[in-house]
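Working notes for the structure below.
The values are calculated or read from the model by the stated rules, or taken from the named source; none is laboratory data. In this text, all values refer to a predicted model and were calculated from it rather than measured experimentally. Here the Cβ positions follow ideal geometry from the backbone for every residue, glycine too, while neighbour counts run over all protein chains shown. Side chains included, ligands, DNA and RNA excluded: accessible areas come from the protein's heavy atoms. Shrake-Rupley method; radii C 1.70, N 1.55, O 1.52, S 1.80 Å.
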Number of protein chains: 2
Amino acid sequence: MTRNIPIVEDIMNANDQLAIQNHARLEQADIFAINIMASPGAGKTSLIEQTLKRLPAGIKVAVVDGDIATSIDADRAAAAGATAIQINTGGECHLDAVMLRNALDQLGDLTPFDLLIVENVGNLVCPAAFQLGTHKSVLVASIPEGDDKPYKYPGMYQDVDALIINKIDLLPYIPFKMDYFRQGVEILSPNLVTFPLSCQTGEGLDVWVEWLSTQITNHVSSDIGEIET
Amino acid sequence: MTRNIPIVEDIMNANDQLAIQNHARLEQADIFAINIMASPGAGKTSLIEQTLKRLPAGIKVAVVDGDIATSIDADRAAAAGATAIQINTGGECHLDAVMLRNALDQLGDLTPFDLLIVENVGNLVCPAAFQLGTHKSVLVASIPEGDDKPYKYPGMYQDVDALIINKIDLLPYIPFKMDYFRQGVEILSPNLVTFPLSCQTGEGLDVWVEWLSTQITNHVSSDIGEIET
């Protein structure tokens with residue numbers, strides 16, 4: 001069975017190479033790209049819907065949605081005004097750089113877009129292991145998932161750039177120790193920015209959208225983008 | 001890359017063989033075993049805690065907890081009165097039959113136990129693909145995850161024996177169309193039993209525990225157990 005390991009390593013290396021190519025392609029088209037990850041039902045699609053509603057007019061957005069099955073998420077993103085591509089992974093529990101490359105092919109000319117939002121498959125394990133070539137990784141946690149998730153899924157909470165804490169409107173009804181949660185996060189990603197918000201009530205969304213807008217503006221004006229590591 | 005596929009098939013076959021061995025071992029010791037699966041934070045551990053509190057006295061329970069990291073879940077199961085083994089999978093996003101075999105080895109003599117509860121890694125994709133050798137698979141859904149999950153994660157909702165719908169106390173605060181959810185479930189698992197409940201308020205738990213107790217009693221008296229397929 002040990003002969004399997006080099007093949008797995010080859011796949012990871014091939015993925016990283018393709019992620020670098022995707023990144024170069026995004027840079028050339030001057031698009032800022034984020035990779036949104038979360039467990040199933042944390043609110044990735046709701047966040048995208050609410051973000052699309054609040055972004056300044058003139059920012060053109062493409063959304064690439066990864067799911068095991070259905071086009072529910074891409075349909076919702078399209079209804080909210082984005083150009084949306086659905087990737088059905090079949091059994092695969094994460095997106096990889098090949099899937100994103102194929103989605104970029106489907107989008108065609110990338111230059112009209114300012115922002116690419118990649119919505120990864122709902123999963124707190126595997127998506128963290130596959131670079132896609134985006135600029136920033138955004139993790140969506142949610143109050144009902146519980147405050148122990150950074151401790152139990154350290155791979156996902158490590159090296160995240162931004163953390164959304166969604167469904168804060170449910171805090172009165174759920175035992176969730178915010179200090180314990182934040183301690184777990186800070187050990188793994190000390191420099192990340194956090195956005196407690198509710199896609200249901202709208203609370204906190206403006207702060208997130210302002211941060212995202214600033215990232216897009218700074219990226220376009222800097223001309224040099226760094227690949228997330 | 002195609003040369004990778006036969007190896008993956010070999011792994012699956014080897015897993016199925018080991019699952020059959022695990023099953024025989026459980027049968028020999030007259031233990032009824034369930035495999036609890038769910039997305040992260042749906043409430044698997046809370047369900048186990050509440051179940052342990054309510055099972056008839058005299059039913060001896062072993063719990064095998066699968067997690068990427070920490071022993072939080074096994075500690076909680078042990079505090080609730082079970083003999084608990086924690087499996088840390090490292091990066092693996094699911095339990096497999098080898099991991100369960102190793103946990104059974106750690107438990108030692110299995111004959112004192114009546115019920116084995118396996119708590120799989122929080123993930124709505126991969127655990128469904130790996131048989132462990134248990135008798136029944138139990139899926140824990142939760143209201144905050146949203147009503148579209150059966151449609152988006154069909155592999156997990158297929159061929160489930162029992163479905164817990166947890167966190168029903170949050171129904172007043174969350175848009176969740178129960179009919180839409182149930183329709184999606186019935187297409188994939190038409191014969192499953194469902195248990196709407198709340199581990200927070202205790203509502204509905206007695207019906208679930210009664211069903212489980214009956215399964216344990218029937219299994220011990222039948223002498224013949226079928227492996228879940």
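Determine the sum of side-chain charges near A:Ala77: Lys and Arg each +1, Asp and Glu each -1, restricted to other residues whose C-beta is under 9 angstrom from that of A:Ala77. Present the calculation step by step, with values, prior to reporting the outcome.
Working: positive: A:Arg76; negative: A:Glu49, A:Asp65, A:Asp73, A:Asp75, A:Glu119.
Result for the neighbourhood of A:Ala77: -4.
Using a probe of 1.4 Å on the protein chains alone, the accessible area found for B:Glu145 is around 20 Å².
With one equal scatterer per alpha carbon and no solvent term, the Debye-computed log10 I(q)/I(0) for region B:149-195 at 0.17, 0.28, 0.31 1/Å reads -0.49, -1.11, -1.23. Solvent-accessible area per residue in chain B equals 41 Å², computed with a 1.4 angstrom probe and all protein chains kept. Surface burial for B against A, with a 1.4 Å probe and both sides summed, reaches about 3100 Å² of accessible area.
Computed with the Debye formula from one identical point scatterer per Cα of the protein assembly as shown, without solvent, the log10 of I(q)/I(0) at q = 0.07, 0.11, 0.13, 0.14 Å⁻¹ comes to -0.36, -0.88, -1.20, -1.36.
Taking all protein chains as they are arranged and a probe of 1.4 Å, the heavy atoms of A:Thr214 leave approximately 60 Å² accessible to solvent.
Could you tell me the calculated FRET efficiency between A:Gln106 and A:Gln158, based on Cβ-Cβ distance and R0 = 35 angstrom, to the nearest 0.05?
Numbers: r = 31 Å, r/R0 = 0.89.
E(calc), rounded to 0.05, equals 0.65.
Roughly speaking, to the nearest percent, how much of region B:99-229's 1.4 Å accessible area is carbon and sulfur?
Details: 2610 of 5320 Å².
Heavy-atom surface of region B:99-229 belonging to carbon and sulfur, 1.4 Å probe: 49 percent.
Think of each Lys and Arg Cβ as +1 and each Asp and Glu Cβ as -1; about the Cα centre, that makes the dipole of the protein assembly as shown roughly 440 debye.
Our Cα-only numbers for region B:76-129 put the radius of gyration and Dmax at 12.1, 33 Å. The charge dipole of chain A, taken about its Cα centre with unit charges on the Cβ of Lys, Arg, Asp and Glu (plus for the first two, minus for the last two), comes to roughly 340 debye.
Across all Cα atoms of chain B, the radius of gyration (one decimal) and Dmax (whole number) stand at 17.1, 55 Å. Once you sort the root eigenvalues of the Cα gyration tensor of region A:1-132 as a ≥ b ≥ c, which label holds: rounded (a/c under 1.5), prolate (a/b larger than b/c) or oblate (the other case)? Taking the square roots of the gyration eigenvalues as a ≥ b ≥ c, region A:1-132 is oblate. Sorted from shortest to longest, the distances between the A:Ile187 label points of this copy and the other copies are 4.3 nm, with each point 7 Å from Cα along the line through the beta carbon.
Starting from the coordinates of the alpha-carbon atoms of region A:128-229, obtain the Kirkwood hydrodynamic radius over all distinct pairs and give the value in Å to one decimal.
Values: mean 1/r = 0.0683 Å⁻¹.
Value: 14.6 Å, from the Cα pair sum.
Annotation: average projected area of region B:82-185 is 7.9 square nanometres, based on the convex hull of Cα atoms across all directions. Closest approach of any chain A Cβ to the axis that rotates A onto B belongs to A:Pro144, 2, distance given in whole Å. What's the FRET efficiency of B:Thr214 with A:Gln17 using the Cβ-Cβ distance as r and R₀ = 60 Å, to the nearest 0.05? Rounded to the nearest 0.05, the efficiency is 0.60. In the assembled protein chains, B:Arg101 presents an accessible area of approximately 90 Å² (probe radius 1.4 Å). Remark: label point of B:Asp109 defined 7 Å out from Cα along the Cα-Cβ vector; separations to the same position in other copies 7.8 nm, ascending.
For region B:90-119, accessible area lost to neighbouring protein chains reaches 20 Å² or more, against the chain alone with a 1.4 Å probe, at B:Cys93. Take B:Gln21, move 7 Å from Cα toward the beta carbon, and the resulting point lies 4.2 nm from the same point in each other copy, nearest first.
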